[in-house]
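Before any comments, here is the structure.
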Amino acid sequence: MRIKAKRMSKNSKKTYLVIGGVVILMALVATGVFAMRHLSNKPAVLSKEERKNGEVPPDEIDDSKPVSGDEKDSNHRPFAVMINNISTARPYQSGLQDAYIVYELIAEGGITRFLALFKDMETARIGTVRSARHYYLDYVLENDAYFVHWGWSPQAQSDISSLKIDNINGLHYSNKYFWTDTSLKVSTEHTRFTNMEKLEKAIKDLGYRTTSNKDMLLNYSEDSLDLEQIKNAKKCDTVNIKYSNSTTTNYKYDSEKKVYFRSVNNKAHVDYVSKEQYNFKNIIVYQVKNTSIDQDDKGRQELNNIGTGTGYYISEGYAIPIKWEKKSRSAETKYTLENGEELVVNEGNTFIQIQPKGLSLDIK
């Protein structure tokens, strides 16, 4: 019995040594994984509620899950890309469906340009990328975004410098963070593109801050909103927004998909890559006054967008009256209901239509 007991003791020691070795090995692997995660520059992904309440310690956040354009609660800074919208370039527009917010503003000559916001996406083709106008910077600032453009007006060049805008300019990085699609049979200025992979590399190379210092511009609801119950709500199956004699933006509601399909001058607005018509969950539309800077400056515009006004929020077949307020160039535009309550929007992508004052807006 004594001998047997000694043999059992030796076997137990061997077992304990094996178990101990496995535990040490697992600890070393875990330490390595921890170090790799925390040495990376990737910002953690938190929900809006977690960020607001500070409930999740940074070391306990699982940032390994994939994110998408619908994951709007990450604290990554977005990219705000100037998109060409002249009729010549429109057939080649790419990637707008992945943008979580797109602004449309008037530019010179009656045309419009877009400012499209992207983050947490892998969009392979974005464009065509066009030159900056200074009042678009107000919407770059309100979203704490990196500004992506190819060239600039004199006013935009001056403001980008004085306002210290983190920007990625195709004039400086044409073959590094952008490319020209020479297969397109149009003028060169309509053939310039970028993608998210190149833009992510750019912010690392340029050393730009990666974590946003602002909350999301819009307040999203996880549940579908019952807009019909809001005071002065009205049915909205079509929207026609005139920007000039040459440009009118149109939307038509699809009650099955619960989105608005977009057209320009009553022609379907289609993505060059997917060949599918662009569609958006939310539309915000309001008017501001615009004036020409002077007759000798190619008709370039000034936008009187600091102040207050009224407009509409449109989603899921209804339009409701809203108010807007922008206190400064860098301040977030605040959207409220008529009674002053903060506007809550449906989860999904949004087109913000800032229309010239006095032009026709048809909602029915």
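The values are calculated or read from the model by the stated rules, or taken from the named source; none is laboratory data. Worth saying up front: this structure is predicted, and the values here are computed from it rather than measured. All Cβ positions, even for glycine, are placed from backbone atoms using ideal geometry, and neighbour counts span all protein chains on display. Quick note on the areas: whole protein, heavy atoms, side chains included, nothing else; ligands and nucleic acids left out. Shrake-Rupley method; radii C 1.70, N 1.55, O 1.52, S 1.80 Å.
Within the stretch 259-274, can you find the residues that are closer than 17 Å to Thr247 by Cβ, touching a helix residue (DSSP H, G or I) at 6+ places or on another chain (Cβ under 8 Å) and open to solvent by 20 Å² or more (accessible area, probe 1.4 Å)? Passing the criteria: only Val270. Taken over the stretch 284-300, the criterion of being open to solvent by less than 30 Å² (accessible area, probe 1.4 Å) and under 19 Å from Lys326 (Cα atoms) is satisfied by Ile284, Val285, Tyr286, Val288.
Would a scan of the stretch 184-196 turn up a residue that is open to solvent by less than 10 Å² (accessible area, probe 1.4 Å) and in a helix (DSSP H, G or I)? Checked the stretch 184-196: at least one residue is open to solvent by less than 10 Å² (accessible area, probe 1.4 Å) and in a helix (DSSP H, G or I). Every residue in the stretch 324-364 that is within 16 Å of the chain's Cα centre (by Cα) and open to solvent by less than 60 Å² (accessible area, probe 1.4 Å), please. Passing the criteria: Glu332, Thr333, Val345, Asn346, Gly348, Asn349, Thr350, Phe351, Ile352, Gln353.
Conditions (1) in contact with a helix residue (DSSP H, G or I) (Cβ under 9 Å, 6 or more places away or on another chain); (2) farther than 28 Å from Glu325 by Cα; (3) at pLDDT below 95; (4) part of a helix (DSSP H, G or I), marked per residue:
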{"site": "Ile83", "(1), (2), (3), (4)": "yes, no, no, no"}
{"site": "Pro91", "(1), (2), (3), (4)": "no, yes, no, yes"}
{"site": "Ala124", "(1), (2), (3), (4)": "yes, yes, no, no"}
{"site": "Leu141", "(1), (2), (3), (4)": "no, no, no, yes"}
{"site": "Asp144", "(1), (2), (3), (4)": "no, no, no, no"}
{"site": "Val148", "(1), (2), (3), (4)": "yes, no, no, no"}
{"site": "Gln157", "(1), (2), (3), (4)": "yes, no, no, yes"}
{"site": "Ile165", "(1), (2), (3), (4)": "yes, no, no, no"}
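Enumerate the strands (runs of 3 or more DSSP E) found wholly within the stretch 235-317, keeping only those where 1 or more residues are of a type in the set (A, V, I, L, M).
Working: elements: 238-242, 248-254, 259-264, 282-292, 301-304, 307-315.
Filter on the stretch 235-317 gives 238-242, 259-264, 282-292, 301-304, 307-315.
Of the residues Tyr177, Tyr173, which is within 20 Å of Ala156 (Cα to Cα) and not small (Gly, Ala, Ser)? Matching residue, one of Tyr177, Tyr173: Tyr173. Scanning the stretch 230-249 for residues that are open to solvent by less than 10 Å² (accessible area, probe 1.4 Å) and under 24 Å from the mean Cα position of the chain (by Cα) turns up Val239, Ile241, Tyr243, Thr247, Thr249. Checked against (1) within 17 Å of the chain's Cα centre (by Cα); (2) among the small types (Gly, Ala, Ser); (3) open to solvent by 10 Å² or more (accessible area, probe 1.4 Å), Gly127 meets all criteria but (3).
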